Amino acid sequence: MLGNYKKELIKVYEEARPVVARPEGNEEGKIRRVFYEDRKRNKGERFEKFHSVKNNIQNLTDEFFKGLLPKELDAEYKIGLTFNLSQQPWVFIHNDNNSRPTLSSSVFMGVNLNIDGLDKSNDNCDFESKKGYSLWIGIGITGVKQRDMYNNRISLINRMKQVIGEELENGFYFVESKEDNVGIAIRKDSRIEETFEEDLKYLSELYLKFVGSDAKCDISKNTIIKANTNSKALSYVYDNYLKHLDENSYSIVTYSPDYRLFLENISLILKMAINNPKEEYYLVINDLNAFDNSYLSEFKMMLYRNYIYSLNNVYLSRIIYKEDNRKVFLPNNLFVVFTSTLSSERKEIEETLNAINIE
């Protein structure tokens with residue numbers, strides 16, 4: 001089926017080539033400027049033909065992927081500005097909902113069709129020699145500096161391992177090489193087109209499991225204990241959560257005007273939990289009433305426990321990962337418990353917590 005889809009794509013490209021392809025003798029930069037001018041005016045033969053071909057290819061893509069993808073996913077063909085100068089065409093697969101993701105920030109699937117000949121101006125390209133495909137899950141690179149892409153990708157991989165597990169099947173692998181500076185986190189390259197449907201199904205399951213987990217706010221491991229006095233709430237936490245734990249498995253953090261000291265205090269147990277994913281750890285934030293709102297507004301993002309929200313703090317990233325600009329997430333094995341009084345109302349953070357009231 002994949003081979004037939006490619007052949008149909010090639011037919012559409014070939015029909016468009018006489019109008020869309022680069023005229024002989026023109027420089028690439030000049031052609032790009034000409035096409036941009038056509039696009040700004042919303043007219044011009046090249047512009048109109050481009051959109052006509054784009055619609056035809058999207059119709060082919062809709063028909064091909066309709067029977068292969070789960071109903072929750074949608075496929076969009078990425079054709080580039082001009083056929084002969086664009087990057088390799090690919091298919092953008094995403095959650096089909098009202099809040100459509102953007103390439104700049106969201107996690108999405110991609111399919112590269114390995115038909116590089118479509119991007120060449122040489123009419124003698126041997127399209128049939130371009131076999132195989134690449135399937136992957138990644139994040140967009142728009143607006144992200146290349147030097148930061150590795151950190152973003154590794155953060156995504158770490159989060160994925162927590163949600164979908166560390167072992168992948170069917171030849172897929174986590175892209176953890178530091179030399180690879182693109183946003184692809186999971187990948188498989190294959191020249192055997194007969195396995196495409198099976199691989200697409202497997203990767204779709206991984207993707208839906210991951211984005212399904214991260215689409216909702218998982219706050220089941222965040223708790224606030226309220227009592228008449230904060231000391232009573234803290235005693236309850238010790239008796240019901242900490243008493244039987246090794247002292248290295250939990251940390252009790254109290255308010256300090258020095259924000260760096262606060263980050264340093266939470267980083268100790270956070271780093272332990274990240275480095276030991278099979279062990280359980282507890283972070284106790286003692287006396288929520290005492291904490292400054294500026295602390296909580298930043299820390300609150302982590303409590304949603306999904307890939308969208310993290311703590312982007314250079315100081316904390318350096319402590320935990322010895323790197324700048326690495327996203328920091330709460331791992332699933334770290335339980336966060338706040339103590340407070342019954343009269344306290346800190347709505348700006350309590351919406352992310354499960355409340356237990358002690359009379």
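Read-outs throughout are calculated quantities, based only on the coordinates presented, and are distinct from any laboratory measurement. Worth saying up front: this structure is predicted, and the values here are computed from it rather than measured. Every residue, glycine as well, gets a Cβ built from its backbone with ideal geometry; the counts of neighbours run over all protein chains shown.
Below are the figures for this structure:
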| quantity | calculated |
| --- | --- |
| Against the rule of thumb 2.2 N^0.38 Å, how large the Cα Rg of segment 222-357 comes out | 1.00 |
| Net charge over other residues, Cβ less than 12 angstrom from the Cβ of Tyr250 (K, R count +1; D, E count -1) | -3 |
| q = 0.23 Å⁻¹, segment 197-289: log10 I(q)/I(0) [Debye, one scatterer per Cα] | -1.24 |
| Contact order relative to length of segment 222-357, as percent, for alpha carbon pairs under 8 angstrom and 6 or more apart | 40 percent |
| Taking Ile192, Ile164, Ile269 and counting other C-beta atoms within 10 Å, the order from fewest to most | Ile192, Ile164, Ile269 |
| Assigned charges on the beta-carbon of Lys, Arg, Asp, Glu; segment 222-357 dipole about Cα centre (debye) | 240 debye |
| Flagged links, alpha-carbon separation over 28 Å, of Lys226/Lys327; Lys7/Lys201; Lys54/Lys327 | Lys226/Lys327; Lys54/Lys327 |
| DSSP-defined antiparallel bridges as percent of all bridges, segment 222-357, nearest 5 | 5 percent |
| Contour excess over end-to-end distance, with Cα ends at Gln58 and Ser343 and 0.36 nm allotted per residue | 96.8 nm |
| Which of Ser256, Ser310, Ile269, positive extreme of dipole for segment 227-325 (C-beta unit charges) | Ser310 |
